[in-house]
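Undergrad: Structure below; questions to follow.
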Amino acid sequence: MEKFIKGLELSRLFYLEAVQPIINEKFPQLTYSAALLGQGSDVLGFDTSQSMDHDWGPRLLLFLSETDFSLYEVEIDKVLKHELPMTFLGYPTNFGLHADGTTVMAEAENTLVNHRIKIHTVETYFKSILNFDPTNEIQPADWVGIPQNNLLMLTAGSVFHDGLGKIVPLRKKLEYYPLDVWLYILAAQWQRISQEEHFMGRCGQVADDLGSRIIAAQLVRDIMCLCFMMERKYYPYSKWFGSAFAQLKCSRQLLPILLKVMSAGSWQERQDHLCVAYEFIAAMHNSLRITEKLPAKVSQFHKRPFMVIHAEEFACVIRDQIKDEQVLALPKNLGAFDQFINSTDALNYLEKIKSVF
């Protein structure tokens, strides 16, 4: 096998050099789109050679119109099985299954290629990830009812060809939250910080070092989520959360501070580093100029010996900027889906709990 290359680049070349010529020759009148979207470390650009052991390899999505899907899906799949090369750039184009249901590159047992070129319509594929149809007007409840990782799945990756002219506009439409929805989730995130910023020290004060560390870790994650939001970037699921954070503009200064919070040996030391982080994100907020300028300086939590940024004040003034009546009607401080739910099962089975909204 050849030297490892990023999966997104492998799939791009696979489309251009192997798949496109077959489609153009066998189905010259077909209008279609091709992309690599959805699940996978390769879609996010975080894949390494370790990623090759499952759900990785020469693969992509083909999108057809509703009419062409019903007419050609089976035939295209059959043609690709017969016409695709057995390997591409040294990688098998044939796939088998692990016991857990994930796919793995495998040598073909016959002349047919069990490929990973999945054929969809644009509407059904996007709806399967979002649990709503984004070709219609997207309502505020739709925006907040979907995990950020799902939105990232459709806006990361790459479009290799958009003959249908649908995928590129949809990705632009989903690029980030509308203004008032953004303000709503920003306010909710500041509120999350406000609810626990004084707990870290209180746990430490009663000699609950483990509890203090747990709350500090939660605060670090909430700060990181807030930074994604302030830079208007969707964040991925936990495996790539830190890697994606390291790509934010703020991470060069903030990442070392947060690492000090995590490694601190006492609650007082943790508080010192959290205070630096609080003042940093307060300054970030002021730089957005979405509200009046707020104090970017920590102060005492009532008369207790805990220093906080009083994040609830940020939440309050941000909420005051919201104008959209539908956004204002959303539950106060609840935020978007993954601001109040972190169950992996819930995040992966949206259709089962859509009734929440």
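Undergrad: Could you give the dipole magnitude of region 1-133 about its Cα centre, charging the beta-carbon of Lys and Arg +1 and that of Asp and Glu -1, in debye to the nearest 20?
TA: Computed about the Cα centre, the dipole is about 160 debye.
Undergrad: Another question about this same structure. Points 7 angstrom from Cα along the Cβ direction at GLU175 and LYS297: gap in nanometres?
TA: 3.9 nm
Undergrad: Looking only at GluC sites (Glu not before Pro) in DSSP loops with at most 13 other Cβ atoms within 10 Å, what is the longest site-free stretch of the chain?
TA: 176-291
Undergrad: While we're looking at this one, here's another question. About its Cα centre, what dipole magnitude does the chain give when the only charges are +1 on Lys and Arg Cβ and -1 on Asp and Glu Cβ, stated in debye to the nearest 20?
TA: Charge dipole, the chain, about its Cα centre: 1060 debye, nearest 20.
Undergrad: If each of LEU210 and GLN50 carries a label point 7 Å out from its Cα toward its Cβ, how far apart are those two points in nm?
TA: Label-label distance for LEU210 and GLN50, simple model: 2.7 nm.
Undergrad: Further, regarding this structure: Which order, highest average first, do 242-249, 205-212 follow once you tally other Cβ atoms within 10 Å for each residue and take the mean per peptide?
TA: 242-249, 205-212
Undergrad: Continuing with the same structure: For the residue pair GLN321 and LYS118, what label-to-label distance in nm results when each label sits 7 Å from Cα along the Cα-to-beta-carbon direction?
TA: Each label point is offset 7 Å from its Cα along the Cβ direction, giving 3.7 nm.
Undergrad: With +1 on each Lys and Arg Cβ and -1 on each Asp and Glu Cβ, and nothing else charged, work out how big the dipole of region 236-355 is about its Cα centre, in Debye to the nearest 20.
TA: Numbers: 15 positive and 12 negative charges, 49 e Å.
Dipole about the Cα centre, nearest 20: 240 debye.
Undergrad: Using 1/(1 + (r/R0)^6) with R0 = 22 angstrom and r between the beta carbons of THR102 and ASP77, what's the FRET efficiency to the nearest 0.05?
TA: It comes to 0.60.
Undergrad: Would you be so kind as to identify all helices of the chain, as entire DSSP H runs, whose Cα atoms reach 20 Å or more along the helix's own axis and whose mean Kyte-Doolittle hydropathy is at least 0.5? Show your work: numbers first, answer last.
TA: Details: long enough: 66-83 (24 Å, -0.64); 179-196 (27 Å, 0.13); 209-230 (31 Å, 1.16); 267-288 (31 Å, -0.27).
Going by DSSP H runs, the hits are 209-230.
Undergrad: Tell me, how many Å apart are the Cα centres for region 171-207 and for region 1-71?
TA: 37 Å
Undergrad: Test of understanding: what is the full-extension gain from GLN139 to SER243, defined as 0.36 nm times their sequence separation minus their Cα-Cα distance?
TA: Full extension from GLN139 to SER243 adds 34.4 nm.
Undergrad: Under 5 Å between amide H atoms, partner at least 5 residues away or on a different chain: which partners does ILE341 have, H built in plane at 1.01 Å?
TA: Under 5 Å from the amide H of ILE341 lies no amide H from a residue far enough along the sequence or on another chain.
Undergrad: Looking at the chain from every direction and averaging, what is the projected area of its Cα convex hull in nm²? Write out the running numbers ahead of the final one.
TA: Details: hull surface 82.4 nm².
Averaged projected area of the chain's Cα convex hull equals 20.6 nm².
Laboratory data are not the source of any read-out in this text; all were calculated from the coordinates shown. Note that the coordinates shown come from a computational prediction; the quantities given were computed from them, not determined experimentally. Neighbour counts are summed over all protein chains in view; Cβ atoms, including those assigned to glycine, are modelled from backbone coordinates with ideal geometry.
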